[in-house]
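Scroll down for the structure; my scribbles are underneath it.
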Amino acid sequence: MIRITGARFLAAVEDAERYPDLHLGGRVAPEIAFAGRSNVGKSSLINTLVARRSLARTSATPGRTRALNFYAVTLDRVSVVLVDLPGYGYARVAKTERMRWGPLVEGYLEDRRALRGVVVVVDARRGLEDEERRLLEYLRVHRRPAIVAATKIDKLSRSRRQAALDAIGTTTGGVPVVGVSAESREGRVELWERLLDPPFAVLDART
């Protein structure tokens with residue numbers, strides 16, 4: 001049983017020098033990052049995981065997440081931090097701002113000691129594309145655990161869902177895949193269970 005007892009926005013970070021020092025409940029809180037295209041539903045997925053409608057801001061205009069957004073979640077008496085990374089591949093922003101996202105995100109993924117792993121979010125109907133494959137390889141090189149969350153699974157008929165997930169699974173290089181839906185909350189519990197177990201193991205923060 002996944003029981004969320006609290007969730008709140010902590011900080012929006014646009015400068016690596018301003019990363020929050022997150023000692024929650026007397027311990028350094030483990031962090032889980034969410035990465036993916038700007039129109040894939042990262043914020044909606046975070047809201048689904050924490051059972052809140054509007055903790056993470058969603059928009060009809062993809063690309064609104066222009067900073068690293070940190071959210072504190074209390075789960076089974078343990079504080080976990082979910083980090084919504086700026087999206088890629090769609091955002092209509094200035095080239096200079098897109099260039100600034102790169103070093104910010106890469107620095108976070110490579111150097112953040114509290115980071116336990118990354119949820120790579122894809123559209124179940126599209127699967128992995130070049131950007132996602134490069135991201136998974138990047139995470140492998142830097143020894144960051146990853147899981148693929150295939151969103152919008154409710155948009156597929158039940159007969160096509162497993163086939164779509166199986167097809168995605170053949171392209172991840174062994175990274176596990178979970179189908180999820182912000183509409184039906186399908187996959188919510190399974191994704192949390194994956195995050196609670198090794199290699200993410202966020203509840204290890206209790207010990």
> So which residues in segment 111-138 are surrounded by 16 or more Cβ atoms within 10 Å (Cβ to Cβ), of a type in the set (Lys, Arg) and touching a helix residue (DSSP H, G or I) at 6+ places or on another chain (Cβ under 7 Å)?
Replying inline: ARG116
> For segment 163-186, what are the residues that are among the β-branched types (Val, Ile, Thr), without any contact (Cβ under 8 Å) to a residue 40 or more places away in the chain and out of contact with any helix residue (DSSP H, G or I) (no Cβ under 7 Å at 6 or more places or on another chain)?
Replying inline: THR170
> Just one of LEU203, LEU165 is among the hydrophobic types (A, V, I, L, M, F, W, C) and crowded, with 18+ Cβ neighbours inside 10 Å; which is it?
Replying inline: LEU165
>> List the helices (runs of 4 or more DSSP H) inside segment 110-207, counting only whole elements, that have at least 1 residues being touching a strand residue (DSSP E or B) at 6+ places or on another chain (Cβ under 8 Å) and farther than 22 Å from VAL73 by Cα.
In response: 130-141, 158-169
> Looking at this structure, is THR207 at pLDDT 95 or above and either at negative phi or small (Gly, Ala, Ser) (or both)?
Replying inline: no
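Can ALA149 be described as under 19 Å from the mean Cα position of the chain (by Cα), of a type outside the set (Phe, Trp, Tyr) and buried (at least 20 other Cβ atoms within 10 Å of the Cβ)?
Here the answer is yes, as ALA149 does meet what is asked.
Residue by residue, here is whether (1) of a type outside the set (Val, Ile, Thr); (2) out of contact with any Lys or Arg (no Cβ under 8 Å at 6 or more places or on another chain) holds:
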residue	(1), (2)
LEU109	yes, no
LEU115	yes, no
VAL120	no, yes
ARG140	yes, yes
VAL148	no, yes
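The values are calculated or read from the model by the stated rules, or taken from the named source; none is laboratory data. In this text the structure is predicted, and so the values were computed from the model without any measurement. All Cβ positions, even for glycine, are placed from backbone atoms using ideal geometry, and neighbour counts span all protein chains on display.
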